[in-house]
1. Between a first residue in segment 129-153 that is free of Cβ contacts under 8 Å to residues at least 40 places away in the same chain and a second residue that is in a loop (DSSP other than H, G, I, E, B), which pairs have beta carbons less than 8 Å apart while being 6 or more apart in sequence or on different chains?
2. If I filter segment 69-91 down to residues being more than 21 Å from Thr163 (Cβ to Cβ), modelled with pLDDT under 90 and more than 17 Å from the chain's Cα centre (by Cα), which single residue comes out as most open to solvent (accessible area, probe 1.4 Å)?
3. Checking Tyr35 against (1) open to solvent by less than 40 Å² (accessible area, probe 1.4 Å); (2) within 30 Å of Arg147 (Cα to Cα); (3) not hydrophobic (A, V, I, L, M, F, W, C): exactly one of these is not met. Which one?
4. When you scan segment 16-60, how many residues do you find that are in a loop (DSSP other than H, G, I, E, B), polar (S, T, N, Q) and at pLDDT 80 or above?
5. Using beta carbons and a limit of 7 Å, which pairs, at least six apart or on different chains, have the first residue in segment 79-97 and touching a residue at least 40 places away in the same chain (Cβ under 8 Å) and the second one in a strand (DSSP E or B) and polar (S, T, N, Q)?
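The values are calculated or read from the model by the stated rules, or taken from the named source; none is laboratory data. Since the model is a prediction, treat every value here as computed from it, not as a measurement. Cβ: placed from backbone, ideal geometry, glycine included. Neighbour counts: every protein chain shown. Heavy atoms of the whole protein, side chains included, go into the accessibility calculation; ligands, DNA and RNA do not. Shrake-Rupley method; radii C 1.70, N 1.55, O 1.52, S 1.80 Å.
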Amino acid sequence: MRYATVTLTWTGERVHPVGEIFAHEESVSVEAIRYVSPVGESEYVELLELGGDVDRARTLLAESAAALEHDVTGDGTSGVAYVQCRTAGLVEDLLAVLHEHEIVLDWPMRFYGDDARGLRVTVIGTNRAIQHAAGDLPSEVELNLERTGEYEPDTGRLSQMLTERQLELFELAVREGYYEVPRETTQRNLAESLDLATATVSEHLQRIESKLVGTVVGPA
């Protein structure tokens, strides 16, 4: 059994209609698609991981005709939205390709890039099936292979736990020696490297460390 982690970029339409709701709103972003499922013949439900102003996200979803039903949990700078919509857009086409070739998608699909026109996806299946699925992607989608190998249950676990920005920060912190004893860099240096405020880096590192500790000792 093989896995492949790929990045998908595309031109034209947004990857799904809900993304268009937040397209021009700097205070809110869709960080990941945790799950998509068809409802009947022409509607879908999605679980979306949100970053930014969660209260603003609630307002935008309530005002949008694209969201038939919605509910948002969370507050502050992160949350999860349940959204029912009439189409899943390009995601619908991607899921159809995976279904046709009997490929398993390792949720979530994470967005990356300043304009959120990229997805990082891990799929699981036979080598032959993965290759054929890659060849049947919609023409507007460009695929780049990041890594592949024999599938193990924990493959990609860290990337599933952390948001794209958190993962980027954590990998930088490890490379720069933030977790060495004594430390070889500071939060200020990490913030300058990523063009972030030091307070933002501090908050992200606290969230990262809380998630990692939780996997070792379990919830309090």
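1. That search, which allows pairs on different chains as well, returns Ala129/His101; Ala129/Glu102; Ala129/Ile103; His132/His101; Ala133/His101; Ala133/Ile103; Asp136/His101.
2. Looking at residues that are more than 21 Å from Thr163 (Cβ to Cβ), modelled with pLDDT under 90 and more than 17 Å from the chain's Cα centre (by Cα), I get Arg86.
3. Going through (1) open to solvent by less than 40 Å² (accessible area, probe 1.4 Å); (2) within 30 Å of Arg147 (Cα to Cα); (3) not hydrophobic (A, V, I, L, M, F, W, C) one by one, Tyr35 breaks only (1).
4. The first filter runs over segment 16-60 and keeps only residues in a loop (DSSP other than H, G, I, E, B), leaving 16, 22-27, 40-42, 53.
Filter once more, keeping what is polar (S, T, N, Q): 27, 42.
Next, from what is left, pick out any that are at pLDDT 80 or above: 27.
Summing the residues that are in a loop (DSSP other than H, G, I, E, B), polar (S, T, N, Q) and at pLDDT 80 or above in segment 16-60 gives 1.
5. Final answer for the pair search is Val80/Thr73.
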